[in-house]
Amino acid sequence: MKRAGSASPEAPRPDWTIEQDWDGFTPAEHGLWRRLFSRQARVLARRAVSEFLAGLERLGIAAEGIPDFRRLNDVLDRATGWRVVAVPGLVPDEVFFEHLANRRFPATCFIRRPDQVDYIEEPDIFHDIYGHAPLLVHPVFADYLQTYGQGGLKALRLGSLSNLARLYWYTVEFGLIHTADGLRLYGSGIASSKGESIYCLDDPRPNRLAFDLLRIMRTNYRIDAYQETYFVIDSFDQLFEATRPDFAPYYRMLAGLPDIAPAEVLPTDRAIP
Ligand code: HBI
Ligand code: FE
């Protein structure tokens, strides 16, 4: 059954936000969340970076089912000044970046169908909240994502969005990080997928390459299969520092260079064991 929030009788708001209508979720929808959540807790225990697991715990979204954004926002706001806002689905790039630039994370409010537990191509609330919200309480990652939103607005004006979108893909969505305990995952696209959480760390097939900003911005990606290449950061500080400069000169350099295929490894790449 669908809820009033997604079929508002009023004209859509210019920022695409809607009400989450938390009271409208059914027991079956809460049950599906709990099932996804407990399954993923086991998988991520020794695979997700400790900052992600700490964020999950701090948000207190473990036990009860689909989180109420009002409660989530109390914690988020106190931690880093971020909030989540409800949107009906994918929103236009400019709207998406405008939210990020103002420390608002647009989150969908529908949950996948029971036959989609293992795979769904579009973002649902499990991906958006379980996958994305935990790192929003991390001060450095919180700043990185806001800076990305500001950079997105600029990339749109400069016609370089395809370059910048790859940075989001290979970090925020599918990033790995090197820690004292070995490789860990932090990307939300991985963290919200049981299969890819295991594959990205345990499978010998994918390339795991050291983070390289310009290289990433040349690399195509697949949205319909596990990644063939992951990029590994050393720390969130490294990520934030590398993306702090003005990208306009980078975009001019990249304009003359060919794209790199998702599976390709270059002689200049540094593989992470
Ligand atoms: N909308 N709701 C939503 N979630 C996204 O992740 C998203 C979006 N709109 C555009 C968009 N992502 C892309 O522009 C970026 O990932 C580059
Ligand atoms: Fe996402």
Exercise. Between a first residue in the stretch 83-101 that is under 12 Å from ASP128 (Cα atoms) and a second residue that is in a helix (DSSP H, G or I) and of a type in the set (Phe, Trp, Tyr), which pairs have beta carbons less than 6 Å apart while being 6 or more apart in sequence or on different chains?
Worked result: VAL84/PHE69
For this session: Tell me, please, whether a residue that is within 11 Å of ligand 1 (Cβ to nearest atom), more than 22 Å from TYR250 (Cα to Cα), under 19 Å from the mean Cα position of the chain (by Cα) and in contact (Cβ under 8 Å) with a residue 40 or more places away in the chain can be found in the stretch 188-195.
Result: yes
For this session: Within the stretch 65-79, identify whether any single residue is touching a helix residue (DSSP H, G or I) at 6+ places or on another chain (Cβ under 8 Å), within 13 Å of ligand 1 (Cβ to nearest atom) and at pLDDT 95 or above, and answer yes or no.
Result: no
For this session: For ARG184, state whether it is more than 10 Å from ligand 1 (Cβ to nearest atom), open to solvent by 40 Å² or more (accessible area, probe 1.4 Å) and touching a residue at least 12 places away in the same chain (Cβ under 8 Å).
Result: yes
For this session: Give the residue that is farthest from the chain's Cα centre (by Cα), with candidates limited to residues of the stretch 100-119 that are over 14 Å from GLN20 (Cα atoms) and within 13 Å of ligand 1 (Cβ to nearest atom).
Result: ALA101
For this session: Kindly indicate which of THR171, THR179, THR229 is within 15 Å of the chain's Cα centre (by Cα), of a type in the set (Val, Ile, Thr) and under 27 Å from LEU44 (Cα atoms).
Result: THR171
Problem set entry | Which numbered condition VAL49 misses (of (1) open to solvent by 30 Å² or more (accessible area, probe 1.4 Å); (2) closer than 16 Å to SER188 by Cα) | (1)
Problem set entry | Positions within the stretch 112-167 being open to solvent by 40 Å² or more (accessible area, probe 1.4 Å), touching a residue at least 60 places away in the same chain (Cβ under 8 Å) and within 14 Å of ligand 2 (Cβ to nearest atom), in sequence order | GLU121
For this session: Of the numbered conditions (1) touching a helix residue (DSSP H, G or I) at 6+ places or on another chain (Cβ under 6 Å); (2) within 14 Å of ligand 1 (Cβ to nearest atom), SER162 fails exactly one; give the number of that condition.
Result: (1)
Problem set entry | Qualifying position, being at pLDDT 95 or above and outside any strand (DSSP E or B), among ALA107, ALA54 | ALA54
Exercise. Has the stretch 56-76 got at least one residue that is small (Gly, Ala, Ser), at negative phi and in contact (Cβ under 8 Å) with a residue 40 or more places away in the chain?
Worked result: no
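Given the options ARG252, ARG205, ARG218, name the one that is open to solvent by 30 Å² or more (accessible area, probe 1.4 Å) and touching a strand residue (DSSP E or B) at 6+ places or on another chain (Cβ under 6 Å).
ARG218
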Problem set entry | Selection count, the stretch 63-102, where residues are closer than 20 Å to TYR168 by Cα, open to solvent by 40 Å² or more (accessible area, probe 1.4 Å) and assigned to a loop (DSSP other than H, G, I, E, B) | 3
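The values are calculated or read from the model by the stated rules, or taken from the named source; none is laboratory data. Quantities reported herein were computed from a predicted structural model and do not represent experimental measurements. Note: ideal-geometry Cβ built from the backbone for every residue, glycine included; neighbour counts use all protein chains shown. Ligands, DNA and RNA are excluded from the accessible area calculation, which covers all protein heavy atoms including side chains. Shrake-Rupley method; radii C 1.70, N 1.55, O 1.52, S 1.80 Å.
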